[in-house]
Amino acid sequence: MSTKVKVGIIGVGTIGSVHADAYAKVGDAELVALCDILPDRLGEKGKRHGVARRYENYHDLLASADIEAVSICVPNRLHAPIAIDALQAGKHVLLEKPMALNQDQGRAICAARDAAGRVLQMGMVRRQSPDAERIKKLVDEGRLGDIYQIRIRLIRRRGIPGMGGWFTTKAESGGGGLIDIGVHFFDLAMWTTGLWNPTRVSAKVYAKFGSPMEDYHYVNMWAGPPNYAGTFDVDDYAAGLVRFGNQATMSFEVAWAANAQDEQMLEILGTKGGLKLGGDMVLLTEVDDLLADVKLNFAKEGGGFPQQLAKFVAAVQGKAPPPATGEQGVIAMRLIDAIYASSAADAEVEV
Ligand SMILES: NC(=O)c1ccc[n+]([C@@H]2O[C@H](COP(=O)([O-])OP(=O)(O)OC[C@H]3O[C@@H](n4cnc5c(N)ncnc54)[C@H](O)[C@@H]3O)[C@@H](O)[C@H]2O)c1
């Protein structure tokens with residue numbers, strides 16, 4: 001008898017397919033069902049991924065007793081209701097980022113997990129990369145000393161996804177670039193450094209490229225083409241400063257679109273060393289009385305979605321706790337809520 005964990009995917013758009021491809025690489029997982037409200041897409045994805053059981057209503061998938069676990073890959077507005085329904089149906093849940101529209105929904109998901117006694121893992125895939133893991137190891141070994149400043153620059157020159165669709169409609173997405181891509185690097189910053197106590201934030205968010213949508217010039221578009229009859233009421237640029245008590249600060253810039261070069265940078269400054277994620281990783285430190293630039297050579301292949309889903313399946317099997325927890329998801333949502341609140345209030349606010 002197979003001991004593989006039977007999984008289903010709810011929402012087989014762009015990232016749902018990425019999950020399907022990744023589950024195929026996880027030896028202990030068997031992808032048995034897909035769900036999407038769009039019948040044509042469901043049929044096409046079912047064929048592409050070789051999955052015969054297909055549901056247009058996620059409640060029908062959740063009613064299948066043999067399915068132990070689900071990946072939830074739907075628009076952000078549906079994260080909380082579908083995750084809660086899945087947990088209440090006794091399924092283990094891998095929930096795509098961002099956790100939900102706001103921290104209150106995040107807490108409700110954690111409460112459903114506790115009541116159900118099932119695994120809840122956040123889809124923080126950026127942690128699952130060799131460079132991120134290497135930074136965390138160096139921090140944990142004390143190679144950076146006391147960490148007092150983090151810098152994030154996450155810049156897309158033109159990278160607004162699905163313009164006019166759910167991504168750019170606040171009621172569907174919870175926000176723009178800040179919640180969509182910022183959440184990855186806020187999580188990465190807090191996970192690598194262990195600074196899970198953001199206390200205050202001063203920030204501003206802008207929307208400079210979505211009005212009118214026809215004036216937005218781009219090279220390619222995730223989840224495109226644009227729907228000019230749709231809505232754009234979210235941020236495309238955000239900047240701010242987060243305090244972690246008296247211990248540390250984090251400055252950030254997150255842009256879906258800006259007249260600036262593409263960049264993905266996380267820099268950590270500590271008393272013994274500093275380093276940047278991205279490209280060649282160099283530890284800026286001292287050896288005896290000399291300043292030293294230590295180039296870190298390590299295998300950069302692997303990780304990503306297959307590793308994330310392998311860890312999820314291992315957590316379902318009880319082999320290890322989930323690597324990205326609901327509590328951490330709520331902290332990221334608290335921070336994002338506070339950034340939007342600070343911008344609206346034109347003032348520093350508590351996280
Ligand atoms: N981890 C990452 O790096 C990453 C990357 C991209 C997207 N995402 C996240 O994944 C989620 C989906 O993003 P996407 O780019 O795949 O969007 P998408 O629009 O391509 O796909 C979403 C799918 O959900 C389906 N859907 C909508 N309502 C549904 C319902 N009630 N039941 C079942 N299916 C339903 C849609 O028809 C669509 O096929 C978002 O939360 C997004 O933030 C994560």
Q: Could you work out the relative contact order of segment 128-246, using alpha carbon pairs under 8 angstrom and six or more residues apart, expressed as a whole percent?
A: 37 percent
Q) Classify segment 23-164: rounded, prolate or oblate, from the alpha-carbon gyration tensor (a ≥ b ≥ c, eigenvalue square roots; a/c under 1.5 rounded; otherwise prolate if a/b is larger than b/c)? A) prolate
**Q.** For peptides 112-121, 64-73, 270-279, sequence by mean Cβ density within 10 Å, most packed first
**A.** 64-73, 112-121, 270-279
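Can you say what percent of the DSSP beta bridges in the chain, counting only those with both residues inside, are antiparallel? Round to 5.
Rounded to the nearest five, the antiparallel share is 60 percent.
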Q) Suppose R0 equals 45 Å; then what is the FRET efficiency for Glu44 and Leu291 from their Cβ-Cβ distance, rounded to the nearest 0.05? A) 0.20
(Q) For Asp233, Asp215, Asp180, which order do you get if you count the other beta carbons within 10 Å of each Cβ and list the fewest first? (A) Asp215, Asp233, Asp180
Q) Given a cut-off of under 8 Å on Cα pairs at least six residues apart, what relative contact order in percent is computed for segment 52-156? A) 20 percent
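Given a Förster distance of 30 angstrom, what is the FRET efficiency for Asp140 paired with Thr14, based on the Cβ-Cβ distance and rounded to 0.05?
Values: r = 34 Å, r/R0 = 1.13.
Plugging the Cβ-Cβ distance into 1/(1 + (r/R0)^6) gives 0.35.
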(Q) Give me the percent relative contact order of the chain, please, defined on Cα pairs under 8 angstrom at least 6 residues apart. (A) 21 percent
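Rule-based calculations on the coordinates, nothing more; no lab input. This one's a predicted model, so the numbers in the text were calculated from it and none came from an experiment. We place every Cβ from the backbone using ideal geometry, glycine too, and count neighbours over all the protein chains shown.
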